[in-house]
Amino acid sequence: MTTDQVAAPSAPSSEGTAEFYDVFNLLLIDVWDENFHQGYWEDENDESSNRRAAERMTQLLIDHSGLENGGRVLDVGCGIGLSAFQLAGATPAEIVGISNNQAQIDEANRRSRAQGLADRVTFEYADVYALPYPEGSFDVVWVFDALLHMDRLRTLRELRRVLRPGGRVVVTDKLQTGPMSPEDERAVSEFMTDLQASPILWENEYRALVAEADLEVAELLDISKHTYKSSTRTIEAVNAKYDALIDRYGEQVIPMLELLRNPVGLVKELGYLLCVAKKPA
């Protein structure tokens, strides 16, 4: 099966993803934190907060981005900008964040102004499949927990276009780390569809995907063992706040709450990766 066949048929639409997250964002803040990203825990005994773990994951991306001396960065699926602000605090990079959710863009720009960062951290509404930037506009592109909500191949090809030669794409994504039972495989597939996400890939499929986008894998790290607590923490929080969240947002959020506490997140073969891909110089 080719990468196109793997990724394209079930890839979510941009419009569907934006509409889904209008409400889902509010639930995520209540259940997880306003920093929506996966957390990174050192080991099973690490009891860091969700926010601290998400910041640690962001630092991992920073460490693999090669921005110590600055550069221009595109942050795809930027949310309300927390990762971009952390990057701006750690490096002299100029950062442009994009999202297809205007409410997120407005809030991110408000926060950037409030922090005195608006001269080098800005946020724009954009379609990732047709970016409004010339070829070679960026040194680094981040796709932090966002690529799974897109047609991966189509997105990577467009990101390659806006990268300068030798530039890099830094991606986090789900990863299939081993064979699943038929029941788990079916449950995971249904879960990804409900999450407005593309199917998960094996490592060899991910490497083939990157190559098909005419990028070169520089690093591909399986960091699954550091991220499993994201699922357990989310399930525990939903269970503890379930009735209160329905009272706050109405019964229409019940399907989303059920999605968040779906035990499929505990399937051990549903892992997580960090991939760094380079555009040939």
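General remarks:
- Cross-link partners of Lys268 among aspartates and glutamates (Cα-Cα below 18 Å; sequence separation of 8 or more within a chain): Glu42, Asp43, Glu44, Asp173, Glu183, Asp184, Glu185, Glu190, Glu203, Asp222, Glu236
- Springs between Cα atoms under 10 Å define the GNM used for the chain, and in it the highest mean-square fluctuation of Val128, Val253, Val140 occurs at Val253.
- Given R0 = 41 Å, the distance between the Cβ atoms of Asp247 and Asp119 translates into a calculated FRET efficiency of 0.45.
- Judged by the mean number of other Cβ atoms found within 10 Å, the most tightly packed of the peptides 184-195, 42-53 leads the ranking 184-195, 42-53.
- Cα centroid separation, the range 220-281 to the range 30-56 (Å): 11 Å
- Binned Cα-Cα distances of the chain, short to long, each 10 Å bin given as a whole percent: 6, 29, 39, 21, 4, 0
- Compared with the alpha-carbon gap, the fully stretched path from Ser48 to Leu26 is longer by 5.7 nm at 0.36 nm per residue.
- Put a plus charge on the Cβ of each Lys and Arg, a minus charge on the Cβ of each Asp and Glu, and nothing anywhere else: the dipole of the range 80-209 about its Cα centre is then about 520 debye.
- For the residue pairs Lys229/Lys278; Lys174/Lys225; Lys174/Lys241; Lys225/Lys279, the alpha carbons lie more than 21 Å apart in Lys229/Lys278; Lys174/Lys241; Lys225/Lys279.
- Rg and Dmax of the range 208-281, both derived from C-alpha coordinates alone, stand at 18.1, 55 Å.
- Expected 222 nm ellipticity per residue - DSSP helices of 4 or more, -39500 (n - 2.57), all of the chain, to 500: -13500 deg cm²/dmol
- Here the peptides 166-178, 228-240 are ranked by packing, the mean other Cβ count within 10 Å, and the order with the highest first is 166-178, 228-240.
- Per-residue Cβ neighbour rank within 10 angstrom, fewest leading, Tyr129, Tyr249: Tyr129, Tyr249
- Ranking of Tyr206, Tyr242 by neighbouring Cβ atoms within 10 Å, starting from the fewest: Tyr242, Tyr206.
- Protection proxy ranking for 96-102, 115-121, using the average of other Cβ atoms within 10 Å per residue and placing the highest first: 96-102, 115-121.
- For the range 116-183, the normalised intensity computed at q = 0.14, 0.15, 0.22 Å⁻¹ comes to -0.53, -0.59, -1.05 (log10 of I(q)/I(0), Debye sum over alpha carbons, equal scatterers, no solvent).
- Entry note, the range 3-278: relative contact order of 22 percent, from Cα contacts under 8 Å with a spacing of 6+ residues.
- The label-point distance for Glu203 and Glu185, in a model that sets each label 7 Å from Cα toward Cβ, rounds to 2.0 nm.
Coordinate-derived values only; no laboratory data. Predicted, not measured: the structure shown is a model, and the values here were computed from it. When we count neighbours, we look across all protein chains shown, and the Cβ atoms used for this are built from the backbone with ideal geometry, even at glycine.
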